[in-house]
Amino acid sequence: MATRQILRMGHPLLRKPAQRVDTDFIGSSEYRHLVGDMVDTLHDYGGIGLAAPQIGESIRLAIIEIPAGPTRYGDLDSMPLTVFINPHIEILDPATTGYWEGCLSIPGLRGYVERPQHIRVSYTDEELRQQEIELRGFFATVFQHEFDHLDGCLYVDRMTDSRNLVFELEYENYHLV
Ligand code: NI
């Protein structure tokens, strides 16, 4: 497997709604190659989530892995590496909370985005089973951010105040609480 280049904001593919994944594709050698590349790329770039369109594959597949212990988002509960195929989000409570989000496709920047904090995600797993999980708080934000990529949406589209788009160093100096 290999680290792939991550497309950056401005690349048109990041703005294109991705195609549903055909179940025949799941488990194929092509599929395993793609997921392997995504995992290597995520680890190489040091992120917590990556959507297939970010490496140029316009399909509805994303991986999320939240390691235990301190991350650049602070101390978090962990979530093992999981592949989400054709995910769908249902908002269970529209009340929002904001976080300073970052994105591997928008390197060096952080933006403050408010999103609903209680969601249900349904998706197909790698064994072709339908799964459902409920997420709250920062996890709910992470999942919405990743799955937005499958609709050609970036976190900057969700911002309500462009004054809250800042460089990482300035974020650390002036906005980190
Ligand atoms: Ni992103």
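The values are calculated or read from the model by the stated rules, or taken from the named source; none is laboratory data. Since this is a predicted model, take the numbers as computed values, not measurements. Counting neighbours? That spans all protein chains shown, and the Cβs are built from the backbone with ideal geometry, glycine included.
Data for the structure
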{"item": "Candidate set: region 89-114, residues that are more than 16 Å from the ligand (Cβ to nearest atom) and charged (D, E, K, R); chosen: the one farthest from Leu50 (Cα to Cα)", "result": "Asp93"}
{"item": "Those residues of region 88-104 which are surrounded by 19 or more Cβ atoms within 10 Å (Cβ to Cβ) and of a type in the set (Gly, Ala, Ser), in sequence order", "result": "Gly102"}
{"item": "Qualifying residue in region 7-26 (condition: within 19 Å of Gln131 (Cβ to Cβ) and within 13 Å of the ligand (Cβ to nearest atom))", "result": "no"}
{"item": "Subset of region 151-170 (residues that are among the aliphatic types (A, V, I, L, M), away from the ligand (no atom under 11 Å from the Cβ) and surrounded by 12 or more Cβ atoms within 10 Å (Cβ to Cβ))", "result": "Met159, Leu165, Val166"}
{"item": "Check on Leu81, under 27 Å from Gln5 (Cα atoms) and assigned to a strand (DSSP E or B)", "result": "yes"}
{"item": "Any strands (runs of 3 or more DSSP E) falling wholly within region 1-78 and containing at least 3 residues that are modelled with pLDDT under 95", "result": "69-71, 74-76"}
{"item": "Criterion (at pLDDT below 95, under 19 Å from Thr97 (Cβ atoms) and within 16 Å of the ligand (Cβ to nearest atom)) met by exactly one of Phe138, Phe143, Phe147", "result": "Phe138"}
{"item": "Strands (runs of 3 or more DSSP E) within region 95-177 that include 3 or more residues in contact with a helix residue (DSSP H, G or I) (Cβ under 8 Å, 6 or more places away or on another chain)", "result": "109-124"}
{"item": "Matching option when the condition is touching a residue at least 40 places away in the same chain (Cβ under 8 Å) and acidic (Asp, Glu), among Asp77, Asp22", "result": "Asp77"}
{"item": "Test: residue in region 115-130 that is within 16 Å of the ligand (Cβ to nearest atom) and of a type outside the set (Ser, Thr, Tyr)", "result": "yes"}
{"item": "Any pair with Cβ under 6 angstrom, 6 or more apart, that starts in region 138-151 at a residue that is in contact (Cβ under 8 Å) with a residue 12 or more places away in the chain and hydrophobic (A, V, I, L, M, F, W, C) and ends at one that is part of a helix (DSSP H, G or I) and away from the ligand (no atom under 11 Å from the Cβ)", "result": "none"}
